[in-house]
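What follows is a single structure, written as C-alpha cells, with notes after it.
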Amino acid sequence: MKKLLLAGLLLAPCFLAAQQVTTLDSIVIYATQTAKDSPVAHSKIDRQVLDRVAPMQNLPFALTLTPGVVAVGENGTGSGYAYLRIRGSEGSRIQVNLNGITLNDAESQEVFWVNMPSVGDFLQSVQVQRGIGTSVNGPGAFGATVNMQALHNNPGPYGTADLSYGSFNSRNISAGAGTGLGTDASFLPRGLGFDIRYAHGRTDGYIHNGKGNLHSLFSRLSFIRPDYSFKLYYIYGEQHTGITWEGISREDLERDRRYNPAGEYTDDQGNIRYYSNETDNYTQHHVQLNYAHKFGSAFSWSHTLHFTKGDGYYENYKEKGDNDYIVRRSMDNAYFVWSGVGHFMPGAGRGHTPFTADLGLNWAGYFGNHFGLRTNPVNDPDFAAATEYYRNTGNKYDMSTYLKLNYRLGLGHNTDNALRFFADLQYRRVNVIMEGPDNDGALLNYTKLWNFFNPKGGVTFIFNKDHQVYASVSAGHREPSRSDIKESIKAGRADLLKPEQMTDYETGYRFSARTFSLGVNLYAMEYKNQLVPTGKKSDTGYEIKENVPVSYRRGIEIEVGWQPAQWLQVEGNLCLSTNKIKDVTIYLDTYDHPDNWNPVEEQMSEYYELTDIVYSPSYTAAARVAVRPFARRAGFPGGLELALTGRFVDRQYYDNTSNPDRSLPAYQVLGFNASQTFPTRRCGIFRLDLFADNLLNRKYCASAWAYRAAFRDTGTVELSEGFYPQAGINFMIKLSWRWGN
C-alpha cells in the first residue's frame, strides 16, 4: 500500500517578534537546510514559483524547473499518484522534510504525494538539495533532499479562498483563515494564534479510472513569546483514487492511450466489464507538539513530539486461472517520534558569530500491520463475511544523533572575503522486525540491525561578495526498504541483501548580482551495493530492486538567471550526466514452459560490463521566460504576467540492459501561465490565473516498466511492459482571494 501521511506544520517567524522567533524556528527548520554559501548543490523555490503550478498538480511538478528533476503522474495529469526523481534517484532516496520533520514513510522510505493534496498552498518555500546534502535525520538523504517550510504566521486576522476548474473535470476548492498572533487587530492575547486551511479536489484523470477524490486539513495553534514558543498541530489527510499503477501495454498505447486494464473482466455473456470499486483509499491523522526555548543569545533548544495514525486499503479485481475474486488489502500503522535539536552560537549578542553548532537527537518507532480479505462474486462482494487470508507485521526503530558545525574565517581587511568550513557527523542505529505471511503465503520473518556512520564536510571560498567556489565530500548509507526485503525473501536471497553505500563529491562556482546569477556544479556519486530497479514491479506498483556491486552518477549542472528589466525575467538550467552500472549480472526469472510457468531453480543470466541505470536521462533541461508588459504602469493591468516554460528530458531506459527497444524517447513539454491581480480597497486582493500544459500536444510517456521471463524448455524470453502516458494539451483556471495581513 503506497501511503504516507502528512507531517506537521511547524511555525515560522512572526511579525511581532521577528528577530526572536526566527532564532527559535531556525533550530527546528534550518538544522536540515543548507545555507546559501554552503558547499552543497541546492536550489530554492519561493512562494511565487509555487503559485505558478496548477492547483490539482502535486508538489513534484513545482520542482521541475530545478536541475535534474523529473516528475511523473500515474493518471497522466499529476493529480493522483505522482513520483519525483532527482539526478535519476527515485523517491525512496529523496528525503522530504516539512519544517525539519521527516515525512518519509518508515517502511517504504518514500513520500506519496497523493496523500498531500494542495500542500503547495501551505508552503512559504522549498529548498532542494541534490546529492547527500546536509540533512541529518531520517533514511532518505541518499540521493537528494526536499526541505519544505510552512507559511509564515500573519500578524493580524486574514482569510483566503481559491476556486479552480480544468480539463478532465478537475476542480479544486480551498479556504483558510487565521486570527493573527494576538495583535491590537485581533481579540486574542498577544502571541496566541490559530490557523486553519482546508482543501478538496476531484478529477476524472486522463486515463480510465484515473479519478481522484482528495481532502486535506491543516491546523495550527501557536503561542509565541520572545524567548519560547509552543506549537500544536492537527493535520488530516484523506484520499480516494482509482488504481493506475499497472500501466498499459505497447499495443494498447498505440490503440488507446487512455486505456487502463485495472479492474477489467469478462462477464458470462462475453461482455467487457470493469469492477466498480477498483480503488485505493487512505486516511491519516497527525498530531505534533513542539516546544522551543532560547536561553540568552547563544543557545536554543527545541523538542518535538510527533504521532501519526494511518490506515487504508485498496480493492482490486484478480483473475487466477478460471477463478476470479476481489481482494481488499489493508494496512494499519502508528508512528511515534521524539526529536530534539540544540543550537549553539557563541558571540551572538556581540555581533560576531564565526562559529555555530547544532546537536540533534532523534528516536522513531513505526508499528505496521498488513492484512487482506478475499471474496467473490465480483458483482456483489461481501467483505463483512470474508475471511482474512494473510497478515504480517513490520516494526522499525530508528535512533540517530548528529553534530553539525560551521566556522567562518575572514580573509584580510575585506570582510566580504572568507572561508566557510562545514562538518556534519551523523550516527544512525536502525532495527527492522518483520513477521507473518504475505498475500501469496510466503513467510516474511526477518530481523536485522544496522549501524551507520555518515560524515560530511566541505569548504566555501567567498570573494568579492558575489563569488563563491566550493567543494564537499559526503558519505551516506541507506537500509533496504520493506519491499526490498520482502522480494529478497521470496527470491531466496535475503541473506545476500545489503545496505547501500555512497560517497558524494561536489564542487562548483556561484555568482550572484542584481540582474544576473550563475551556478555551475560538478558531482560524482559513487555507489557500492546500490539497489537499482530491475524494471519489474510488484502487484501493488512497487519497483523491485537488487544490489549491484559498483555504480555511479556523474555530471554537471548549470543554472542561469537574468532580469535585464523589471518587465522581463529569464531563467533556465541544464544537467548533463552519465549514470552507469559496472560489471553486473542480471538474473531472469526462469520457468519450465510458457504453457505451465513452473519456476525452475537454475535461472538464466546475462552479464553486462557497463550499462545504464534505469530512469536516468543523460540530460534534463528547463527554461522559463516571464514578461510583465505593464510593470511600470499603475493600476489595471499592471499586475499582468505572462510566462512560457519548457521542460526537456532525454531518453530513459526502463530496464538495466541499455537496450534501445526498452527505452522511452526523449520528450519536450511546453507550458504557459497567465496571471492578473485585482486589488481592492476593502475587499482584499483577487487574482485570476490561467494554466496550460503540453501546449504542443505531445504524445509522450514519462515512465514505464519491463519484465522478462525466461523459459528453459523453449529457450525463449517473454517480455511484458507497462507504459504511463501523459495527458495532451490541458488547461485550468483559478480564481483566488486574499484578505488581511
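The values are calculated or read from the model by the stated rules, or taken from the named source; none is laboratory data. Since the structure is predicted, the reported quantities are computational estimates derived from the model, not experimental observations. Note: ideal-geometry Cβ built from the backbone for every residue, glycine included; neighbour counts use all protein chains shown.
General remarks:
- Exclusive hit being aromatic (Phe, Trp, Tyr) and closer than 27 Å to residue 667 by Cβ, set 591, 615, 587: 615
- Residue within region 170-184 that is part of a loop (DSSP other than H, G, I, E, B) and either modelled with pLDDT of 95 or more or surrounded by fewer than 16 Cβ atoms within 10 Å (Cβ to Cβ) (or both) present: yes
- Of all residue pairs spaced 6 or more apart or on separate chains, those with beta-carbon atoms under 6 Å, a first member in region 546-566 that is closer than 18 Å to residue 87 by Cα and a second member that is outside any strand (DSSP E or B) and charged (D, E, K, R) are 553/87.
- Number of residues in region 583-617 that are surrounded by fewer than 14 Cβ atoms within 10 Å (Cβ to Cβ) and not in a loop (DSSP other than H, G, I, E, B): the value is 7.
- Among the numbered conditions (1) at pLDDT 90 or above; (2) part of a loop (DSSP other than H, G, I, E, B), the only one that residue 380 does not meet is (1).
- Residue list for region 299-315, filter: more than 16 Å from residue 338 (Cβ to Cβ), surrounded by fewer than 20 Cβ atoms within 10 Å (Cβ to Cβ) and touching a His at 6+ places or on another chain (Cβ under 9 Å): 299, 309
- Being among the polar types (S, T, N, Q) and either at pLDDT below 85 or under 15 Å from the mean Cα position of the chain (by Cα) (or both) is a property that does not hold for residue 167.
- Some residue of region 311-331 being more than 30 Å from residue 244 (Cα to Cα) and not acidic (Asp, Glu): no
- Single residue of region 72-125 satisfying the filter (of a type in the set (A, V, I, L, M, F, W, C) and assigned to a loop (DSSP other than H, G, I, E, B)) that is modelled with the highest pLDDT: 106
- When the residues of region 445-464 are filtered to those that are within 24 Å of residue 403 (Cβ to Cβ) and polar (S, T, N, Q), the one that is surrounded by the fewest Cβ atoms within 10 Å (Cβ to Cβ) is 451.
- Candidate set: region 225-271, residues that are among the β-branched types (Val, Ile, Thr) and modelled with pLDDT under 90; chosen: the one nearest to residue 310 (Cα to Cα): 235
- Only strands (runs of 3 or more DSSP E) whose full extent lies in region 411-494 are considered here, and the ones with at least 3 residues that are among the β-branched types (Val, Ile, Thr) and either touching a Lys or Arg at 6+ places or on another chain (Cβ under 8 Å) or at pLDDT below 95 (or both) are 418-435, 446-463.
- Set 344, 367: member being surrounded by fewer than 19 Cβ atoms within 10 Å (Cβ to Cβ) and either under 26 Å from residue 286 (Cβ atoms) or touching a Pro at 6+ places or on another chain (Cβ under 8 Å) (or both): 367
- Filtering region 69-116 to residues that are on the phi > 0 side of the Ramachandran plot and basic (Lys, Arg) leaves only 87.
- Qualifying residue in region 518-527 (condition: buried (at least 22 other Cβ atoms within 10 Å of the Cβ), modelled with pLDDT of 85 or more and hydrophobic (A, V, I, L, M, F, W, C)): yes
- Only one entry in 259, 236, 282, 206 is over 30 Å from residue 155 (Cβ atoms) and assigned to a strand (DSSP E or B), namely 282.
- Among the residues of region 31-51, those that are part of a loop (DSSP other than H, G, I, E, B) and either at pLDDT 85 or above or surrounded by fewer than 20 Cβ atoms within 10 Å (Cβ to Cβ) (or both) comprise 35, 36, 37, 38, 39, 40, 41, 51.
- Odd one out for residue 244, checked against (1) buried (at least 17 other Cβ atoms within 10 Å of the Cβ); (2) assigned to a loop (DSSP other than H, G, I, E, B); (3) without any contact (Cβ under 8 Å) to a residue 60 or more places away in the chain: (3)
- Residue in region 303-311 that is among the acidic types (Asp, Glu) and either within 23 Å of residue 119 (Cα to Cα) or at pLDDT below 95 (or both) present: yes
- Failed item in (1) touching a strand residue (DSSP E or B) at 6+ places or on another chain (Cβ under 9 Å); (2) modelled with pLDDT under 95; (3) crowded, with 19+ Cβ neighbours inside 10 Å, with residue 542 passing the rest: (1)
- Selection status of residue 146, over 26 Å from residue 232 (Cβ atoms), of a type in the set (A, V, I, L, M) and either within 12 Å of the chain's Cα centre (by Cα) or in a strand (DSSP E or B) (or both): no
- Check on residue 327, hydrophobic (A, V, I, L, M, F, W, C), under 19 Å from residue 276 (Cβ atoms), touching an Asp or Glu at 6+ places or on another chain (Cβ under 9 Å) and in a loop (DSSP other than H, G, I, E, B): no
- Sole residue being closer than 27 Å to residue 280 by Cα and not basic (Lys, Arg), chosen from 160, 134, 203, 145: 203
- Condition check for residue 646: more than 30 Å from residue 577 (Cβ to Cβ), without any contact (Cβ under 8 Å) to a residue 60 or more places away in the chain, among the small types (Gly, Ala, Ser) and surrounded by 14 or more Cβ atoms within 10 Å (Cβ to Cβ): no
- Any hit, region 272-279, residues being of a type in the set (D, E, K, R), surrounded by 22 or more Cβ atoms within 10 Å (Cβ to Cβ), assigned to a strand (DSSP E or B) and in contact with a strand residue (DSSP E or B) (Cβ under 8 Å, 6 or more places away or on another chain): no
- Residue list for region 387-411, filter: aromatic (Phe, Trp, Tyr) and either closer than 16 Å to residue 339 by Cα or buried (at least 17 other Cβ atoms within 10 Å of the Cβ) (or both): 390, 397, 402
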